[in-house]
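Take a look at the structure below.
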């Protein structure tokens, strides 16, 4: 079974955002950034409460609450802009190129205009499926991006079933979206 498709900027962006959302380091960083300002403003508000200056206490409290509510929205846009710029800079030449992926005698083979790569099946580490893509993670840290919407209906499922049978790696179906 062979899959043939083209990857576009949105495919790379989805992969980068998915990888960021799965990274413990980035998750901690986002949580730390979300909580640090409200905690700091809360402490400053406490000082104003001790000084009996209610106006400043309320002001700092409102800013802390607004930060808690609005930071996730701002953070999503910030990461999306960051990764879009990164992709435009580093992957621009890969957009729209036809790629092929297929299984062959104990190997996962990828072909594109730049060359051919054979990956031993024991190097497949994880198979993750989200609503728009499938990601085949390799032990080397490389990920194959398979866009569902650019493949024939049913072909991705058949390919992944064969891949899971040959590798023994179960696929994870995730209800993921960038938050």
Of 131, 155, how do they rank once you tally other Cβ atoms within 10 Å and put the fewest first?
131, 155
Let me have the 222 nm mean residue ellipticity of the chain computed from DSSP H runs of 4+ only, each contributing -39500 (n - 2.57), with the sum over all residues rounded to the nearest 500.
-18000 deg cm²/dmol
May I ask for the angle, rounded to the nearest 10°, between helix 54-90 and the longest principal axis of the chain, with both axes built from Cα atoms and the value confined to 0 to 90°?
20 degrees
Using a ≥ b ≥ c from the Cα gyration tensor of segment 92-179 (square roots of the eigenvalues), is it rounded, prolate or oblate, where a/c under 1.5 gives rounded and otherwise the larger of a/b and b/c decides, a/b for prolate?
rounded
Sorted on mean Cβ neighbours within 10 Å (highest first), peptides 98-107, 112-121, 58-67 come out as 58-67, 98-107, 112-121
Just one of (i) 53; (ii) 75; (iii) 66 is percent of Cα pairs over 23 Å apart calculated from these coordinates, so which is it?
(i)
So if each residue of separation counts as 0.36 nm, and I subtract the Cα-Cα distance between residue 93 and residue 63, what length gain in nm does that give?
6.4 nm
How high is the relative contact order of segment 10-92, in percent, counting Cα pairs under 8 Å that sit 6 or more residues apart?
36 percent
Take the alpha-carbon centre of segment 100-117, take the same for segment 1-79, and report the distance between them in whole Å.
40 Å
Under a plain spin-label model, where a point goes 7 Å from the Cα along Cα-to-Cβ, how far apart in nm are residue 8 and residue 49?
5.2 nm
In Å, the Kirkwood hydrodynamic radius of segment 10-92 over pairs of distinct alpha carbons?
14.7 Å
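All of the numbers you see were taken from the coordinates with simple rules; none came from a lab. Computed from a predicted structure; not experimentally measured. All Cβ positions, glycine included, derive from the backbone under ideal geometry; neighbour counts span all protein chains shown.
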